[in-house]
Amino acid sequence: MLTFHLTSHSNVAPYLQIVQQVRQSLLAGVLHPGDQLPTVKDVVAALAINPNTVLKAYRELEREGLVEGRQGVGTFALRRPDGPPPAVQAMLGRSLARWVDKARLAGFDDAGMESLLRATLLSAADEAIA
Amino acid sequence: MIAPSRPGETMAITTTQLGKRYGTTGNSKAKWALRECTLDVPEGRICGLVGANGAGKTTLLKLLVGLARPSSGSVRVLGQPSDTPAFLRDVGYLAQEVPLYRRWTAADHLSLGANLNGVWDGEAARERLQSLDIPLDQRVGTMSGGQRAQVALALALGKRPRLLLLDEPVAALDPLARREFLASLGAAVAESEGGLTVILSSHLVSDLERICDYLVVLAESRNLLSGDLDGVLASHRLLTSARRDIGSIEHQHTVLRVEHTPRQTSVWVRLEGTLHDPSWQSEEMSLEDIVLAYLARRPVQAADAPAAIGGVR
């Protein structure tokens, strides 16, 4: 069963963190179409968050066509979001892990890596526009 | 940006100009513990009640549960005025001092609950405690604070209330016990599928931010803010700019606090519409900062109407 985790030191709203984690689990093949998502009560009991936060996340995922709520039964994964297949994901993940090792050897801490990644994404976006 | 109200929501609580004064009328020592409190809390919400000590939180909760009579204004709870005892059947109240008998076991308390209440779901209460590994045959006096709070919560939920009022239930608990208590509370609300409304007073804003979806801020006996939590977060901003006059901001929005340094002006505001002036740099405020801005704001002007955000008025 999928478990969620929330960070309060994030600019991402809690419901969006859940949306992103479901999307990511579907992309990575951790969650398959047909699998049941944790019930609202289970998520609330695990994270001590408001039930409406979970409902809002599940509604958003439903709107995107990724999950389906079945009355009185629960919420089920419907399909993978558009994105690279799990094998490509795994490959990219492995090469990123190698990069992280290299960066750590070079003396980067997590925060340093995050800001480098963000800067790189930003400059890549700029180039795409130009 | 005031968030729109959610259409079709029924109110669990409606107060109109509600006030409570302790001491005899005409006595100069008579003191308003709560005044001109107008607010709504929709059904199915978990509402955080926050404010400094002495701001009127406990008074408001007592008025809602009928333990105090209004000196002015009115209050409706679950569609009924609070001076009829009928509504009490559907209301659970947990006072600040956890009301348990230390020499009694959890099971003793559950039997008492069964005897005192017309509607009683003892099975659910037992299951709730068992799932938390709380021994039913242990005296509550020998339990941890967190376990005692869970027993009290199970008792309060045993009568299957439609409204549960909790006065600082987690104030004395360690972080883990607090998290577990709020998780149990949230799970009970999830289970009720909109049938249980909770009002929870606390000083711990980070807890409220997690578990609540509605917020009421009280300061100096007055209701300064009430509304949907998302709406509250969306409508408050910290604006900064090179030092300047704030007349244009004051004209359109509600200024909570201003700080001028020789070079810079910072304004904490509640936006009452779109911010048109792009020369202000606008940042979101954390819930903690929003609450602090209201609590530190003084003196409160009499003409200052409370904001109902995402509200229904």
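The values are calculated or read from the model by the stated rules, or taken from the named source; none is laboratory data. If you're wondering where the values come from, they're calculated on a predicted model, not measured in any experiment. Virtual Cβ from ideal backbone geometry, glycine too; neighbours counted across all protein chains shown. In case anyone asks, the SASA skips ligands and DNA or RNA and just uses the protein heavy atoms, side chains included. Shrake-Rupley method; radii C 1.70, N 1.55, O 1.52, S 1.80 Å.
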**Fill in**
Exception for A:Val54 within (1) farther than 19 Å from A:Tyr15 by Cα; (2) of a type in the set (Val, Ile, Thr); (3) open to solvent by less than 80 Å² (accessible area, probe 1.4 Å) falls at (1)
**Prompt:** What is the residue count in the range B:76-96 for residues that are at pLDDT 90 or above and in a helix (DSSP H, G or I)?
**Reply:** 1
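Looking at the range B:189-200, which of its residues are crowded, with 21+ Cβ neighbours inside 10 Å and either facing another protein chain (nearest Cβ under 9 Å) or over 17 Å from the mean Cα position of the chain (by Cα) (or both)?
Of everything in the range B:189-200, those that are crowded, with 21+ Cβ neighbours inside 10 Å and either facing another protein chain (nearest Cβ under 9 Å) or over 17 Å from the mean Cα position of the chain (by Cα) (or both) turn out to be B:Val189, B:Ala190.
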**Item:** Scan of the range B:98-127 for residues that are open to solvent by 50 Å² or more (accessible area, probe 1.4 Å) and either outside the structural domain of B:Thr197 (by TED's automatic domain parsing) or under 25 Å from the mean Cα position of the chain (by Cα) (or both), ordered by number
**Value:** B:Val98, B:Pro99
**Request:** Among the residues of the range B:77-97, write down those that are surrounded by 16 or more Cβ atoms within 10 Å (Cβ to Cβ) and either in contact with a helix residue (DSSP H, G or I) (Cβ under 9 Å, 6 or more places away or on another chain) or without any contact (Cβ under 8 Å) to a residue 40 or more places away in the chain (or both).
**Result:** B:Val77, B:Leu78, B:Ser82, B:Phe87, B:Leu88, B:Val91, B:Gly92, B:Tyr93, B:Leu94, B:Ala95
**Message:** Quick test of your reading of the structure: A:Gly34 fulfils all but one of (1) outside any helix (DSSP H, G or I); (2) touching a residue at least 24 places away in the same chain (Cβ under 8 Å); (3) at the interface with another protein chain (Cβ under 8 Å from one of its Cβ atoms). Name the failing condition by number.
**Reply:** (3)
**Asked** Would a scan of the range B:157-179 turn up a residue that is among the acidic types (Asp, Glu), open to solvent by less than 40 Å² (accessible area, probe 1.4 Å) and either within 13 Å of chain A (Cβ to nearest Cβ) or closer than 29 Å to B:Val205 by Cα (or both)?
**Response** yes
**Message:** Yes or no: the range B:32-42 includes at least one residue that is in a loop (DSSP other than H, G, I, E, B) and not hydroxyl-bearing (Ser, Thr, Tyr).
**Reply:** no
**Asked** Is it true that A:Leu121 is modelled with pLDDT of 90 or more, in a helix (DSSP H, G or I) and not basic (Lys, Arg)?
**Response** no
**Request:** Pairs only if they're at least six apart or on different chains, beta carbon under 8 angstrom, first in the range A:49-75 and at positive phi, second part of a loop (DSSP other than H, G, I, E, B); list them, first residue then second.
**Result:** A:Gly65/A:Leu78; A:Gly65/A:Arg79; A:Gly74/A:Leu37; A:Gly74/A:Thr39
**Prompt:** Which one of the conditions (1) in a strand (DSSP E or B); (2) open to solvent by 70 Å² or more (accessible area, probe 1.4 Å); (3) free of Cβ contacts under 8 Å to residues at least 60 places away in the same chain does B:Gly73 fail to meet, given that it meets all the rest?
**Reply:** (2)
**Asked** Given B:Arg243, B:Arg237, B:Arg270, which one is more than 14 Å from chain A (Cβ to nearest Cβ) and open to solvent by 50 Å² or more (accessible area, probe 1.4 Å)?
**Response** B:Arg243
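Yes or no, residue by residue, for (1) more than 14 Å from chain B (Cβ to nearest Cβ); (2) open to solvent by less than 20 Å² (accessible area, probe 1.4 Å):
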| residue | (1), (2) |
| --- | --- |
| A:Gln24 | yes, no |
| A:Thr39 | no, no |
| A:Asp42 | no, no |
| A:Ile49 | no, yes |
| A:Gln89 | yes, no |
| A:Arg94 | yes, no |
| A:Lys102 | yes, no |
